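The values are calculated or read from the model by the stated rules, or taken from the named source; none is laboratory data. Bear in mind that the values here come from a model prediction, so they are computed numbers and not experimental data. Only protein heavy atoms, including side chains, enter the accessible area calculation; ligands, DNA and RNA are left aside. Shrake-Rupley method; radii C 1.70, N 1.55, O 1.52, S 1.80 Å.
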Amino acid sequence: MTEADILATTYYHTADVYRPSKTNSNSVFNTFEDEQVYKSLQCAISFNGGSNSGESDTYQAINYNALLFARPEIRILAGDKITANVLGVTYEFLAGEGVIYQSHIEVPMIRKDRA
C-alpha cells in the first residue's frame, strides 16, 4: 500500500464538488452554471475553533475555516463550491487554493453563513 492508500482509509466523510462552468448561451453576457465535478468524494474534513465575531442578539455569524483532505490525484480548484457530509451533517464551503503532497491534498475552505 502507498501512503495515499493508507491515509485514504481514514476518510470517513464525503463531499460533492461543484465548479462554475460557462454555458453555451446566445446572450451577449457570459453565463455560468455550477457543474458537479465530484460526487460522494471520500475525504476528511477538519474544523477549527470557529468564529464568534459579529454576534449580537439578533444575528449570529457563522464564519470559520476548515480543511479538506483527499487523495493526491483529486483536483479541487480555488472557488469550487463544496457540500460536505460530516457524520450526517451537511456543510457548505468555498474552496481556497489547495496544496498537493505525495500522500494527499489539503484544501483550505471557508464557511460563511448566519444562524
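At 0.36 nm per residue, and after removing the present C-alpha to C-alpha distance, how many nm does the segment from residue 97 to residue 48 gain when stretched out fully? It would help to have the intermediate numbers written out before the result.
Details: separation 49, 0.36 × 49 = 17.64 nm, distance 1.76 nm.
Taking 0.36 nm per residue and subtracting the Cα distance, the gain is 15.9 nm.
Determine the share of the range 59-100's accessible area contributed by carbon and sulfur atoms, expressed in whole percent, with a 1.4 angstrom probe. Walk me through the numbers before you get to the answer.
Working: 1290 of 2250 Å².
About 57 percent, which is the carbon plus sulfur part of the accessible surface.
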